[in-house]
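Every number here is computed from the coordinates shown, using simple stated rules; none is lab data. None of these values were measured; they are calculated from a predicted model. Glycine also receives a Cβ, built like all others from the backbone with ideal geometry; neighbour counts cover every protein chain displayed.
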Amino acid sequence: MDTQLIAWLAGLSLGASLVVAVGAQNTFVLQQGLRREHVGAVVAVCLGLDAILMTLGVNGVAAALGSHPALLAAMGWAGVAFLLWYAWQAARRAVSGQALSTRAGGRAKPLGGVLLQTLACTLLNPHVYLDTLLLVGAVGAQQAPVLRPAFIAGCVSASAVWFVGLGFGARLLAPVFARPAAWRWLDGGVALTMGLLGLRLAAGVLRA
């Protein structure tokens, strides 16, 4: 298989595992989709922020640690630990089950207020920086320089599919994601994917 495609698929699987979690940002996107208010703007802001943060994470980590192999290896092991921790958390959610609140209603909100709320849901969430700057950066930095753009493109592709589907398909998706069983299956898949990615990253660090 082509190495560029492998890097893109690695980014796609990691990005998909990170973005499909119950949280304030996904709840807000889904609620705006249910309201049919400024959905395109909300999706564009979420996707744009993901793309910027992921690019900064991969290129920043690679640039900062590229001349320090020991630090790069340490970051790789930190990424392994975080991936396995993330897998454990997803597995726990899969066992307990969570439902995403899809209630919406009330007056229409102005575009400015909606955009500010979108920024707040994204940038005030510390997990965003752990996911995009640290985790994506750590995994992406392990890629060869020529493969990093494909890896980032895979991560961004996952975000694009998720946010577009969640926002514009909200009325179809809401009954599904309102059920705890749906999130159990989704979190189970996330746990499996993150665990496998953690093992793959560990193998890559050991080979370096």
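Below are the figures for this structure:
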read-out	value
Average Cα contact separation per residue, the chain, under 8 Å, 6 or more apart, as relative contact order %	48
Degrees, to the nearest 10: 24-35 long Cα axis against longest axis of the chain	40
With Cα atoms, 0 to 90° folded angle of helix 180-207 axis to the chain main axis	20
Calculated diffusion of the chain, Stokes-Einstein form, Kirkwood radius summed over Cα pairs, 10 °C and 1.306 mPa s, µm²/s	91
Value of D in µm² per second that Stokes-Einstein yields for segment 107-175, Kirkwood Rh from Cα pairs, at 4 °C (1.567 mPa s)	90
Residue range of the chain that is longest and free of trypsin sites (Lys or Arg not before Pro) which are both DSSP loop and sparsely packed (at most 15 other C-beta within 10 Å)	108-208
Helix axis angle, 111-123 relative to the chain longest principal axis, alpha carbon, degrees	40
Burial ordering of 52, 6, fewest other beta-carbon atoms within 10 Å first	52, 6
Theoretical ellipticity at 222 nm over the chain - DSSP helices of four or more residues, -39500 (n - 2.57) apiece, nearest 500	-26000 deg cm²/dmol
